[in-house]
Amino acid sequence: MINPLRGLFVLLLFVFGSAVAQEKNIVVTSGADRAIPIAVVPFGWQGGSVLPEDMAGIIGNDMRNSGIFEPIPKQNMISLPTRGSEIIFRDWKALGAQYVMVGNIEPSAGKLQIRYEVFNVTTEQQVMTGTVGGGQDQLRDMAHYASDQAFEKLTGIKGAFSTRLLYVTVERLGGANTRYTLQRSDYDGARAVTLLQSREPILSPRYSPDSGRIAYVSFEQKRPRIFMQHIDTGRREQITNFEGLNGAPAFSPDGNRLAFVLSKDGNPEIYVMDLGSRQLQRLTNHYAIDTEPFWGADGQTIYFTSDRAGKPQIYKQRVGSNNAERVTFVGNYNANPKLSADEKTLVMIHRQDGYTNFKVAAQDLQRGNLRLLTDTSLDESPTVAPNGTMLIYATRQQGRGVLMLVSINGRVRLPLPTAQGEVREPSWSPYLN
């Protein structure tokens, strides 16, 4: 399923029907090894009143969502001691835990002070300890922070649990009235706040590298135009006002340029604008439809979707070059490219030969193998966590547009709690400064 509000230039991609030659690459359809068992013990709290958030529950969910860890169920930890002797570690070994995380919350000068520790059950050694402080309204922030620290210590991968998510909700108000809302939330869908509302479609929200700005497409002028909004102040500025289609904005890694799609010279092509000078540079020049740009980390390479081979496939091209290199060959449809943090994995919307359903897939750019990541069938708009361990995409469940989180290794798939209405167009923030 492709949402028609993504813009006519994307919709046009689907009408081209000629076949394309395929290479014999491997398609993998399932995840692999067992996740690492970790026990996140309910944090101690002596403050009297019940805290509004369950720190251990949030941390456990973070660890699970990565696909690397499997939290021990809370009911299995009742009455088990947390640390202190060989007998205690033996109990945790019997429970199957490889790591144990414990913590304590104490009131301090009107705030909360949290101390947490992680132990390796196998070696019976403490592997890390940390502290974080804040108010009761920051318990989720502190839990995500502790998750980030523990995750990085245990895996060597920077945690991404303190990042944010953008998405668009669509509510039918009756008759021809529709309300579009640009929302920002925690990465897991919690604590959503409204950044913008409109009676006209909002498409393709994208974070700047410093997470301080958002570029998006708005139809408030009855035509698609690109705007940029500063999150802290709400100040907006219009970036494009060209004839025809203006869409699919994407910030360069340094935040100084914006790639997007224009049809001002005929068919949709990819352009790059310097945001300081507003100087415009054309990247692609082909009779096919080129769309959905995504920057490589070098700030010089752009991945994009094109139907120049007959069906939508993913290509890459250096800024200033006229040579586009095809990247995907498996399946009769590959679109909406996103890269993992290490640029070894390309995530996309994929359709296999002989099928009509669209799924999220990941291609190993070194080996060429392609792996299906989702078991849903109407998928769109994948967005990858800045550390590359998770992705979120839009799909449909029970006739409603929802967001789903999936770990890159395929072990975890779960829906995110979001507001009422149709939910679409997710975009994951970079690391927050």
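Suppose we filter the range 410-433 for residues that are in a loop (DSSP other than H, G, I, E, B), among the polar types (S, T, N, Q) and buried (at least 19 other Cβ atoms within 10 Å of the Cβ); how many remain? Don't jump to the end; show me each part of the working.
Taking the range 410-433 as the starting set, the residues that turn out to be in a loop (DSSP other than H, G, I, E, B) are 410-412, 416-421, 429-433.
From what's left, among the polar types (S, T, N, Q): 418, 420, 429, 433.
The next check asks that each one be buried (at least 19 other Cβ atoms within 10 Å of the Cβ); those that pass are 418, 429.
Result for the range 410-433: 2.
The single condition among (1) touching a His at 6+ places or on another chain (Cβ under 7 Å); (2) crowded, with 21+ Cβ neighbours inside 10 Å that Tyr207 does not meet is (1).
Within the range 3-19, identify whether any single residue is at pLDDT below 90, surrounded by 19 or more Cβ atoms within 10 Å (Cβ to Cβ) and part of a loop (DSSP other than H, G, I, E, B), and answer yes or no.
So far as the range 3-19 goes, yes, one or more of its residues are at pLDDT below 90, surrounded by 19 or more Cβ atoms within 10 Å (Cβ to Cβ) and part of a loop (DSSP other than H, G, I, E, B).
Checking the range 128-143 against the condition returns a match, with at least one residue being closer than 28 Å to Lys93 by Cα, crowded, with 22+ Cβ neighbours inside 10 Å and not assigned by TED's automatic domain parsing to the domain that holds Ala215. Scoring Tyr216 on the criteria (1) within 18 Å of Thr418 (Cα to Cα); (2) in a strand (DSSP E or B); (3) under 21 Å from the mean Cα position of the chain (by Cα) leaves a single failure, condition (1). For Arg140, the conditions (1) touching a Leu at 6+ places or on another chain (Cβ under 9 Å); (2) closer than 27 Å to Ala385 by Cβ are fulfilled apart from (1).
Residues that are surrounded by 15 or more Cβ atoms within 10 Å (Cβ to Cβ), modelled with pLDDT under 80 and of a type in the set (A, V, I, L, M, F, W, C) do not occur anywhere in the range 61-69.
Here the condition is being free of Cβ contacts under 8 Å to residues at least 24 places away in the same chain, in the same structural domain as Val170 (by TED's automatic domain parsing) and more than 24 Å from Val168 (Cα to Cα); of Gln366, Gln397, Gln352, it holds for Gln366 alone. Selection of the range 84-113 for residues being touching a residue at least 40 places away in the same chain (Cβ under 8 Å) and either within 23 Å of Ile36 (Cβ to Cβ) or among the charged types (D, E, K, R) (or both) yields Trp92, Leu95, Gly96, Ala97, Gln98, Tyr99, Val100, Met101, Val102, Gly103, Glu106. Looking at the range 342-357, which of the residues that are crowded, with 18+ Cβ neighbours inside 10 Å and more than 18 Å from the chain's Cα centre (by Cα) is nearest to Thr305 (Cα to Cα)? By that ranking, first place goes to Arg351. One residue stands out among those in the range 259-280 that are touching a Lys or Arg at 6+ places or on another chain (Cβ under 9 Å) and part of a strand (DSSP E or B): the one that is surrounded by the most Cβ atoms within 10 Å (Cβ to Cβ), which is Ile270.
To keep it simple, each residue is scored yes or no on (1) within 19 Å of Met390 (Cα to Cα); (2) at pLDDT below 90; (3) assigned to a loop (DSSP other than H, G, I, E, B).
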| position | (1), (2), (3) |
| --- | --- |
| Asp342 | yes, yes, yes |
| Leu346 | yes, no, no |
| Ile349 | yes, no, no |
| Tyr355 | no, yes, yes |
| Lys359 | yes, no, no |
| Gly368 | no, yes, yes |
| Arg371 | yes, no, no |
| Thr376 | yes, yes, yes |
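Among the residues of the range 167-189, those identified as under 19 Å from Ser66 (Cα atoms) and not in a loop (DSSP other than H, G, I, E, B) are Ser185, Asp186.
Among the residues that make up the range 182-193, is at least one of them more than 18 Å from the chain's Cα centre (by Cα) and of a type outside the set (D, E, K, R)?
As a first pass, look at the range 182-193 and keep what is more than 18 Å from the chain's Cα centre (by Cα): none.
Within the range 182-193 (the criterion being more than 18 Å from the chain's Cα centre (by Cα) and of a type outside the set (D, E, K, R)), the answer is no, since none of the residues qualifies.
Only one of the numbered conditions (1) in contact with a Lys or Arg (Cβ under 9 Å, 6 or more places away or on another chain); (2) in contact (Cβ under 8 Å) with a residue 60 or more places away in the chain; (3) under 16 Å from Gly421 (Cα atoms) is not met by Leu196, and that is (2). Name, by its number, the condition in (1) at pLDDT below 95; (2) farther than 25 Å from Tyr303 by Cα; (3) among the hydroxyl-bearing types (Ser, Thr, Tyr) that does not hold for Thr155. Every listed condition holds for Thr155 apart from (1).
The values are calculated or read from the model by the stated rules, or taken from the named source; none is laboratory data. Being a predicted model, the structure only gives us computed values, none of them experimental. When we count neighbours, we look across all protein chains shown, and the Cβ atoms used for this are built from the backbone with ideal geometry, even at glycine.
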